[in-house]
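The values are calculated or read from the model by the stated rules, or taken from the named source; none is laboratory data. Keep in mind it's a predicted model, so treat the numbers as computed, not measured. Heads up, the Cβs are rebuilt from the backbone with ideal geometry, glycines too, and the neighbour counts pull from every protein chain shown. Each accessible area value is taken on the protein alone, full model and side chains, heavy atoms only, with ligands, DNA and RNA left out. Shrake-Rupley method; radii C 1.70, N 1.55, O 1.52, S 1.80 Å.
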Amino acid sequence: MKKILLTLLSLVLLAGCQTKNNEQNTETTNKKIETVTVAFLPNEGSGTISTVDQMLIDELQKALGDDIKINGIVCDDYSAVTEAMLTGTAQIAWESGATFVATKMEDDAIIPLVTYGVDGDVKQASYPAFIATNKENAKDFEGKSKEEQYAQLIDKSFSFVSATSTSGRLVPTTTLFMEFGPEGNGKVQNKSQVFEKTTKDGGIFSEVQFGGNHPGSVQLIVENKVYAGAFCCKYGDDFMDDLYIIDEVDVPNGPLWVNSTYITQDMQDAIINHFTAMTPENSVENFFDDENGFFFESDGAGANRFVKIPEGFYDFLYEMYKD
């Protein structure tokens with residue numbers, strides 16, 4: 001009897017703690033937020049806020065006004081950014097479209113606000129990820145349909161960038177799985193058959209290599225150490241005379257994203273309105289680099305502009321995380 005009473009008392013106390021926690025969570029949600037924290041990744045190994053990160057903080061300060069204090073924290077890695085955003089340690093993040101999607105799949109309160117594209121064009125708010133072969137193999141692909149070109153890769157060697165690379169592993173794996181998986185020709189049933197297993201184990205490729213980085217994957221292709229491989233962006237520009245591009249996938253640029261449990265609709269609107277109206281002339285000094293453009297990622301001066309993210313913009317990235 002005594003044991004039963006103790007158990008009941010424990011349950012009452014537990015219920016009381018849960019009620020108190022729920023009340024605190026509701027109070028936190030309803031209470032006007034006074035401090036907002038932005039999560040960043042380390043800049044070249046440094047645990048301090050970089051100059052460009054501080055510029056973003058300053059722009060958010062301008063967007064939300066002086067009644068709210070904007071701080072920044074440096075997280076160890078992408079998973080730490082996810083953890084900070086899920087727990088409310090940070091309420092805004094910039095890092096990685098893939099990180100945003102992975103976090104949103106844990107909590108639907110995570111939402112994207114703006115991304116950036118050339119001249120503010122959402123159709124140009126992306127970067128290219130390539131699947132290529134050595135130019136010597138061009139005859140194997142020329143004049144064939146996309147389906148026939150992909151079929152040419154079966155039982156050949158292939159290089160990815162690294163196991164954790166978004167554009168050099170996750171993106172090509174997803175592209176290949178859409179072609180060879182259940183929604184394609186049904187040759188494989190899971191993504192491990194694309195980037196881990198070889199044809200001996202039921203995979204697509206006779207051999208899978210990792211270049212370690214994008215230039216490394218390019219070199220494996222150029223030097224004929226693999227039949228084909230993946231890389232992104234401009235890493236193959238110097239070797240285009242030696243490469244035959246089999247496919248190019250536009251990967252959405254990363255968003256500025258928030259946890260809407262803490263960042264209210266009015267705050268979201270203020271951020272969107274401020275950033276989409278930004279120009280090199282009205283932004284924080286040097287936020288738009290005169291030579292390279294916004295965030296030092298553009299070819300032309302000030303070519304990149306922020307743009308509101310339309311519905312479905314990150315659908316391809318969600319495909320990356322499906323089993």
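Let me spell it out: the conditions are (1) modelled with pLDDT under 95; (2) touching a helix residue (DSSP H, G or I) at 6+ places or on another chain (Cβ under 7 Å), and Ala90 meets all of them except one. Which number is the exception?
With (1) modelled with pLDDT under 95; (2) touching a helix residue (DSSP H, G or I) at 6+ places or on another chain (Cβ under 7 Å) applied to Ala90, the lone miss is (1).
Just one of the numbered conditions (1) open to solvent by 10 Å² or more (accessible area, probe 1.4 Å); (2) in contact (Cβ under 8 Å) with a residue 40 or more places away in the chain; (3) touching a strand residue (DSSP E or B) at 6+ places or on another chain (Cβ under 8 Å) is not true of Glu196; which one?
(2)
Please indicate, with yes or no, whether at least one residue in the range 128-135 is open to solvent by 30 Å² or more (accessible area, probe 1.4 Å) and free of Cβ contacts under 8 Å to residues at least 60 places away in the same chain. Please lay out each step first, then the result.
Our first condition is that a residue be open to solvent by 30 Å² or more (accessible area, probe 1.4 Å); within the range 128-135, this holds for 128, 135.
From the residues that got through so far, the ones that are free of Cβ contacts under 8 Å to residues at least 60 places away in the same chain too are none.
Within the range 128-135, none of the residues are open to solvent by 30 Å² or more (accessible area, probe 1.4 Å) and free of Cβ contacts under 8 Å to residues at least 60 places away in the same chain.
Looking at (1) within 25 Å of Tyr321 (Cβ to Cβ); (2) touching a residue at least 60 places away in the same chain (Cβ under 8 Å); (3) surrounded by fewer than 22 Cβ atoms within 10 Å (Cβ to Cβ), which is the one condition that is false for Asp119?
For Asp119, the exception is condition (1).
Please verify whether Gly211 is surrounded by 21 or more Cβ atoms within 10 Å (Cβ to Cβ), within 16 Å of Ile131 (Cβ to Cβ), in contact (Cβ under 8 Å) with a residue 60 or more places away in the chain and under 21 Å from the mean Cα position of the chain (by Cα), treating the condition exactly as stated. Explain how you work it out, then say what you get.
Details: surrounded by 21 or more Cβ atoms within 10 Å (Cβ to Cβ): yes; within 16 Å of Ile131 (Cβ to Cβ): yes; in contact (Cβ under 8 Å) with a residue 60 or more places away in the chain: no; under 21 Å from the mean Cα position of the chain (by Cα): yes.
No: the conditions fail for Gly211.
Filter the range 288-323 down to residues that are open to solvent by 60 Å² or more (accessible area, probe 1.4 Å) and in contact with a Leu (Cβ under 9 Å, 6 or more places away or on another chain) and give me whichever is modelled with the lowest pLDDT.
Ranking the qualifying residues of the range 288-323, first place goes to Tyr321.
May I ask you to say which residue of Asp269, Asp238 is open to solvent by 50 Å² or more (accessible area, probe 1.4 Å), out of contact with any Phe, Trp or Tyr (no Cβ under 8 Å at 6 or more places or on another chain), closer than 29 Å to Pro112 by Cβ and in a helix (DSSP H, G or I)? I'd like the intermediate steps shown before the answer.
Numbers: Asp238 fails: closer than 29 Å to Pro112 by Cβ.
Going through Asp269, Asp238 in turn, just one is open to solvent by 50 Å² or more (accessible area, probe 1.4 Å), out of contact with any Phe, Trp or Tyr (no Cβ under 8 Å at 6 or more places or on another chain), closer than 29 Å to Pro112 by Cβ and in a helix (DSSP H, G or I): Asp269.
Output the residues belonging to the range 250-266 that are over 18 Å from Glu59 (Cβ atoms) and either of a type in the set (Ser, Thr, Tyr) or open to solvent by less than 30 Å² (accessible area, probe 1.4 Å) (or both). Give the derivation first.
Narrowing the range 250-266 to residues over 18 Å from Glu59 (Cβ atoms): 250-252, 259-262, 264-265.
Once the filter is applied, which keeps residues that are over 18 Å from Glu59 (Cβ atoms) and either of a type in the set (Ser, Thr, Tyr) or open to solvent by less than 30 Å² (accessible area, probe 1.4 Å) (or both), the range 250-266 yields Val251, Pro252, Asn259, Ser260, Thr261, Tyr262, Thr264.
Does Glu183 count as surrounded by fewer than 17 Cβ atoms within 10 Å (Cβ to Cβ) and part of a loop (DSSP other than H, G, I, E, B)? Show your work before the answer.
Working: surrounded by fewer than 17 Cβ atoms within 10 Å (Cβ to Cβ): yes; part of a loop (DSSP other than H, G, I, E, B): yes.
So Glu183 fits the description; yes.
Output the residues belonging to the range 253-281 that are over 30 Å from Ala129 (Cβ atoms) and at pLDDT below 85. Working first, answer last.
Residues of the range 253-281 that are over 30 Å from Ala129 (Cβ atoms), as a first pass: 261-267, 269-270, 273-274, 277, 281.
Across the range 253-281, the qualifying residue is only Glu281.
If we scan the range 50-58, do we find a residue that is under 19 Å from Gly254 (Cβ atoms), of a type in the set (S, T, N, Q), modelled with pLDDT of 70 or more and assigned to a loop (DSSP other than H, G, I, E, B)?
Yes: the range 50-58 contains one or more residues that are under 19 Å from Gly254 (Cβ atoms), of a type in the set (S, T, N, Q), modelled with pLDDT of 70 or more and assigned to a loop (DSSP other than H, G, I, E, B).
For every residue, the table says whether it meets (1) modelled with pLDDT of 95 or more; (2) in contact with a Leu (Cβ under 9 Å, 6 or more places away or on another chain); (3) small (Gly, Ala, Ser); (4) under 26 Å from Pro215 (Cα atoms).
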residue: Leu86; (1), (2), (3), (4): yes, no, no, no
residue: Ser96; (1), (2), (3), (4): no, yes, yes, yes
residue: Val118; (1), (2), (3), (4): no, no, no, yes
residue: Ala125; (1), (2), (3), (4): no, no, yes, yes
residue: Asp155; (1), (2), (3), (4): yes, no, no, yes
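Please find, within the range 35-49, the residue that is farthest from the chain's Cα centre (by Cα) out of those that are aliphatic (A, V, I, L, M) and part of a loop (DSSP other than H, G, I, E, B).
Going through the range 35-49, the residues aliphatic (A, V, I, L, M) turn out to be 36, 38-39, 41, 49.
Adding the requirement that they be part of a loop (DSSP other than H, G, I, E, B) leaves 41, 49.
Details: Leu41: 13, Ile49: 20 Å.
Checking each candidate, the answer is Ile49.
Tell me whether the range 153-169 contains one or more residues that are part of a helix (DSSP H, G or I), closer than 21 Å to Val101 by Cα, without any contact (Cβ under 8 Å) to a residue 24 or more places away in the chain and open to solvent by 40 Å² or more (accessible area, probe 1.4 Å). Show your work before the answer.
Here is the first cut: in the range 153-169, the ones part of a helix (DSSP H, G or I) are 166-169.
Filter once more, keeping what is closer than 21 Å to Val101 by Cα: 166-169.
Those still in the list that are without any contact (Cβ under 8 Å) to a residue 24 or more places away in the chain too: none.
No: zero hits.
Do we have any residue at all in the range 66-77 that's at pLDDT below 90 and among the β-branched types (Val, Ile, Thr)? Spell out the reasoning first.
Within the range 66-77, the subset at pLDDT below 90 is 76-77.
Add one more test, that the residue is among the β-branched types (Val, Ile, Thr), and what stays is none.
No, the range 66-77 contains no residue that is at pLDDT below 90 and among the β-branched types (Val, Ile, Thr).
Let me confirm something: among Gln24, Gln61, Gln18, which residue is modelled with pLDDT of 95 or more, assigned to a helix (DSSP H, G or I) and not β-branched (Val, Ile, Thr)?
Numbers: Gln24 fails: modelled with pLDDT of 95 or more; Gln18 fails: modelled with pLDDT of 95 or more.
One residue alone meets the criteria, Gln61.
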